[in-house]
Amino acid sequence: MLPISLQSGASGYTGVMNTIVVGYDGSDGSERALERAAELAKRLDAGVVVVSVAPAPRLTEAVPVAASADAHMPAIPAPTGSGTPMVMPWFEERGPEPREMAEHRLEHARLSLAGKRVDAQYVAEVGDAADRLLTVAREREADLLVVGSREHGFLDRLLGRHVDEAVAAHAGCDVLLVH
């Protein structure tokens, strides 16, 4: 491990750091970022704000409605004796709500930080990960934003925006990308 040394330089940085925001999604990269944020917070006597962002639920695609409302629902036999089949609505099994997913991840972060003697707060968010992390960093007046980084393959680059790149490009504070 390299020692951390903060000095006042041409930029006028005084070495005072009060708030470190770290993005956490439970991945290996975010575990490393959390560990690094905790190390820095401990050495600099700073607080850590751990943010987990779950994606917002997507709206389902519109489906054309048939002339009969009963056309999409399977019929099942009625109770014995009535002779008329009953129409049962189709229920889709749902997973956990997005905020619950974020809270669940934060429980893992709490366990990772247990015993490290770091002043930590935990924030569950729903939406675009980069946008929510940047918003929390602004709201908490973060001095440093820490996120895990990873190698993006061809398919990753093709499919969209990456949190580490978006945060580094738009943060209003220093950013540490942990590999």
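The values are calculated or read from the model by the stated rules, or taken from the named source; none is laboratory data. Because the structure is a prediction, the values reported are computed rather than measured. All Cβ positions, glycine included, derive from the backbone under ideal geometry; neighbour counts span all protein chains shown.
Go through the stretch 105-153 and report how many residues are hydroxyl-bearing (Ser, Thr, Tyr), part of a helix (DSSP H, G or I) and either more than 25 Å from residue 169 (Cβ to Cβ) or in contact with a Lys or Arg (Cβ under 9 Å, 6 or more places away or on another chain) (or both).
Here the count works out to 1.
What's the number of the only condition in (1) of a type in the set (S, T, N, Q); (2) modelled with pLDDT of 95 or more; (3) under 20 Å from residue 32 (Cα atoms) that residue 149 fails to meet?
(2)
Looking at the stretch 90-108, can you tell me whether even one residue there is at pLDDT below 55, over 17 Å from the mean Cα position of the chain (by Cα) and not charged (D, E, K, R)?
Yes, the stretch 90-108 has at least one match.
Taking residue 176, is it under 22 Å from residue 42 (Cα atoms), in contact with a Lys or Arg (Cβ under 8 Å, 6 or more places away or on another chain) and modelled with pLDDT of 95 or more?
yes
Which one of the conditions (1) surrounded by fewer than 11 Cβ atoms within 10 Å (Cβ to Cβ); (2) modelled with pLDDT of 75 or more does residue 67 fail to meet, given that it meets all the rest?
(2)
Identify, please: which residue in the stretch 12-53 is small (Gly, Ala, Ser) and farther than 17 Å from residue 167 by Cβ and is, among those, modelled with the lowest pLDDT?
This residue is 12.
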